[in-house]
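These notes are about the structure you will find just below.
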Amino acid sequence: MRPRGVRCAAGTVGANKAKFTPMKDTAPHQALLSISAMLLAAGRGERMRPLTDTTPKPLLTVRGKPLMQWHLEALARGGFERVVVNTAWLGEQLAAAFGDHFSLQPNSYMPMSLSNSEQLTLRYSHEGQDFGGALETAGGIARALPQLGEVFWVLAGDVFAPDFVFSQAAVQRFVVSDQLAHIWLVPNPAHNPQGDFGLDASGLALNQAPEQFTYSTIGLYRSALFAPPWCDMAPGNPTGVRAALGPLLRAAMQQGRVSAELYTGRWTDVGTPERLRLLNQPAPIDATSADSGVA
C-alpha cells in the first residue's frame, strides 16, 4: 500500500522574511566542491504511454543516447562525481543500464585517460522496491538525503537541456549565500503559458510577478529545506511519505529564501511521444512546448 502524502511547509515558518543575500562571486582558483546530484527518475510517464509501458522515461532514446545520459555527461564535465538516482517504475532497468559508475567516453576531443572528475559514482534510491511506488519529488529527495549532503543539485531525468552547464561557480555562489534553493527558470513553453514563478531584479524567485517563467526542474538545494520548520518529514523519510516540491519552494519564496536565474538554452520537457519525435528528427526543430516543471 502506497503511503499517504503530507503537506510540507504549510503554516510552519515565521512571518518575517529573511534578508536576501545575493549569490556572490567567488575567486576562480577555489578548489572544486564535490557535491552530489539527485537525478529524479521514479515517475511512471503516463503521458508517454505506450512507450513507457516497457521502458522508463529516462531511458528513452534522444539523439542516439538515453535521455538521462545527457545529464550524466554534463555533470561529469562539470567535475561532479556522485549522483543519486531515485527509481520506482521499471527502476531495475535504470540500474542495469548504468550500473554503479558512469564515465565520459574518450573521443578525438578528449584524452583516453579520464580523471576522477570525469567519472561518476551512481547510487540508487529504490522507492518502488521500498514503498511500492514513487514518493513524488520532495518525498524522494527527503528519502535520499542521507546520501546527498548539505548542498546538492536536483534535476529531472526526463528533461532535455543539452546546453545547460553544471558549473562549480554556481555551486560556490550558492554555498556562500543564505538561500535554501537556487533554481533555473526557462521562457514559458506553449503548454505552460502562465509560467510557475517570477524573478525580481535582485535575483529572488517570486510566487507571483507580472512576468512569470517555467521551472526548468534544475536547481541547487540545501538539505535544510527538507527539515523543520519547512518540512515535517523524518530524516531519510523512513515511512515513505509522498510529498510534492512545489509547496516547499513556494513557502521558502514567501520568506525570500529562493533565488533564481533565467536559462535560455535548449530545453524540452520530454513529456509526450510527439515531443520525443520532434527531438529525434534529423533536422531538429523547436520542441520546447512543455508542461509545468513544478511537481
Here, GluC sites (Glu not before Pro) of segment 177-279 satisfying both criteria (DSSP loop; at most 11 other Cβ within 10 Å) are E211
What number, in percent, do you get for the relative contact order of segment 36-279 if the mean sequence gap of Cα pairs under 8 Å and at least 6 apart is divided by its residue count? 24 percent
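Summing +1 for each Lys or Arg and -1 for each Asp or Glu, what net charge is found among the other residues whose Cβ lies under 14 Å from the Cβ of I183?
Details: positive: R173, R222, R250, R257; negative: D196, D200, E261.
Result for the local shell: +1.
Please state the shape class of segment 132-196: rounded when a/c is under 1.5, otherwise prolate if a/b exceeds b/c and oblate if not, all from the C-alpha gyration tensor. Let's see the in-between values first.
Working: a/c = 1.82, a/b = 1.10, b/c = 1.65.
Judged from the Cα gyration tensor, segment 132-196 comes out oblate (a/c at least 1.5, b/c at or above a/b).
If each residue's Cβ is checked for other Cβ atoms within 10 Å, how do K57, K65 rank with the fewest at the top? Walk me through the intermediate numbers first.
Numbers: K57 26, K65 11.
So the ranking, lowest neighbour count to highest, is K65, K57.
What number comes out for the charge environment of G140, summing +1 per Lys or Arg and -1 per Asp or Glu over other residues with Cβ under 12 Å away?
Surrounding charge for G140 is -1.
Rounded if a/c is under 1.5, else prolate if a/b beats b/c, else oblate: with a ≥ b ≥ c from the C-alpha gyration tensor eigenvalues square-rooted, which is segment 36-279?
On the way: a/c = 1.26, a/b = 1.21, b/c = 1.04.
Rounded.
Going by C-beta contacts inside 10 Å, put T137, T121 in order with the fewest on the left. Write out the running numbers ahead of the final one.
Values: T137 26, T121 13.
Ordered by Cβ neighbours within 10 Å, fewest first: T121, T137.
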With the dipole of segment 36-279 worked out from charges on the C-beta (+1 for Lys and Arg, -1 for Asp and Glu) around the Cα centre, which of T272, T217, G203 lies farthest toward the positive end? T272
If you restrict to DSSP beta bridges whose two residues both lie in segment 36-279, what percentage is antiparallel, to the nearest 5? 50 percent
Take the alpha carbon gyration tensor of segment 194-238, find the square roots of its eigenvalues, order them as a ≥ b ≥ c, and report rounded if a/c is under 1.5; if not, report prolate when a/b exceeds b/c, else oblate. prolate
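I need H101, H191 ordered by Cβ neighbour count within 10 Å, fewest first. Mind dumping the intermediate values first?
Working: H101 9, H191 15.
Least to most surrounded, the residues fall as H101, H191.
Report the charge-dipole magnitude of segment 36-279 in Debye, nearest 20, computed about the Cα centre from +1 at each Lys and Arg Cβ and -1 at each Asp and Glu Cβ. Working shown, then result.
Details: 18 positive and 21 negative charges, 52 e Å.
Using Cβ point charges on Lys, Arg, Asp and Glu, segment 36-279 gives about 240 debye.
Every number in this text was worked out from the coordinates using simple rules, so none of it is lab data. Only a predicted model underlies this, so the values are computations on that prediction, with no experimental measurement involved. Here Cβ is always computed from backbone atoms with ideal geometry, including for glycine, and neighbour counts include all displayed protein chains.
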